Amino acid sequence: MDAREMKIKAAAAALDYVEDGMRLGIGTGSTAEEFVRLLAEKVASGFRIEGVPTSERTARLCLELGVPLKSLEELPELDLTIDGADEVDPKLRLIKGGGGALLREKIVACASQRMIVIADETKVVETLGAFKLPIEVNAFGLGATRIAIEKLAARLGLSGEIVVRASGDGPFMTDGGHLILDASFGRIPDADALARELNAIPGVVEHGLFIGIASLAIIAGPTGARVMT
Ligand code: 5RP
């Protein structure tokens, strides 16, 4: 089974959790896009959902495939969010934001009664941090914010390069008009403390540590999909 087939397998298993009439948060990334494709087939066969997309990219795909969308303003309380992840640890703590949508992803997931993660086995880790941690920051005071993050990291025994994410000739801009710093901390022994303290830095808009948000993960491997709770 190749990587795409595993993503489809996880996405298909997640579809079993979606009920007719649900208000659904719809994630961002290649795995979430497989979910959107399968969801669109169900919608075409008469299944009714209302989706809230977590990015402009997901919104475009949903519109193209006929998945009905609402804004989070129209639907501020959701039943379920299905989204991918860059890393998942045994406590269902996540690193997200590889696709740069972490702020909307976190807002939508937290507005949902449940968040289900869909991923393949390569995303499962014992300790978070091999994937660079995306941190969404305000462009104003970028240098000061970066220094504050470096000082925090040093206090928590973390080190590593922190770079502004690039796109084409310039910096990557999020849907909210912010920048992303990718922090190569390596292993993060105390992700809870890092998450809490990053939130206390004024220039940090949001970070990619999702702690206590996911309620279940569907992990696809070469022999099928398993559920982590
Ligand atoms: C986007 C995300 C994605 O869910 C994450 O990067 C996983 O993407 P993919 O399914 O393409 O591996 O957090 O901000």
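The values are calculated or read from the model by the stated rules, or taken from the named source; none is laboratory data. Nothing here was measured: the structure is a model prediction, and the numbers come from that model. So basically every Cβ, Gly included, is an ideal-geometry build from the backbone, and we count neighbours across all protein chains shown. What goes into the accessible areas is simple: the full protein's heavy atoms, side chains included, and nothing from ligands, DNA or RNA. Shrake-Rupley method; radii C 1.70, N 1.55, O 1.52, S 1.80 Å.
Key figures for this structure:
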read-out	value
Leading residue by the ranking (farthest from Glu105 (Cα to Cα)) among those in region 25-50 that are open to solvent by 40 Å² or more (accessible area, probe 1.4 Å) and within 16 Å of the ligand (Cβ to nearest atom)	Arg37
Positions within region 53-88 being away from the ligand (no atom under 15 Å from the Cβ) and open to solvent by less than 10 Å² (accessible area, probe 1.4 Å), in sequence order	Cys62, Val67, Leu78, Leu80
Qualifying positions in region 103-130 - surrounded by 19 or more Cβ atoms within 10 Å (Cβ to Cβ) and closer than 14 Å to Ser184 by Cα	Leu128, Gly129
Subset of region 9-35 (residues that are under 15 Å from Leu61 (Cβ atoms) and touching an Asp or Glu at 6+ places or on another chain (Cβ under 9 Å))	Ala11, Leu24, Gly25, Ile26, Gly27, Thr28, Gly29, Thr31, Ala32, Phe35
Verdict on Val18 being away from the ligand (no atom under 16 Å from the Cβ), open to solvent by less than 50 Å² (accessible area, probe 1.4 Å) and in a loop (DSSP other than H, G, I, E, B)	yes
Residue check, Arg4 among the basic types (Lys, Arg) and either within 15 Å of the ligand (Cβ to nearest atom) or within 28 Å of Phe172 (Cα to Cα) (or both)	yes
Inter-residue pairs, beta-carbon under 6 Å, first outside any strand (DSSP E or B) and in region 194-207, second of a type in the set (S, T, N, Q) and buried (at least 20 other Cβ atoms within 10 Å of the Cβ), 6+ apart	Gly203/Thr145
Conditions (1) in contact (Cβ under 8 Å) with a residue 60 or more places away in the chain; (2) touching a Lys or Arg at 6+ places or on another chain (Cβ under 8 Å); (3) open to solvent by 20 Å² or more (accessible area, probe 1.4 Å): number failed by Pro171	(1)
Candidates Gly141, Gly100, filtered to the one that is closer than 14 Å to Ala183 by Cα and not aliphatic (A, V, I, L, M)	Gly100
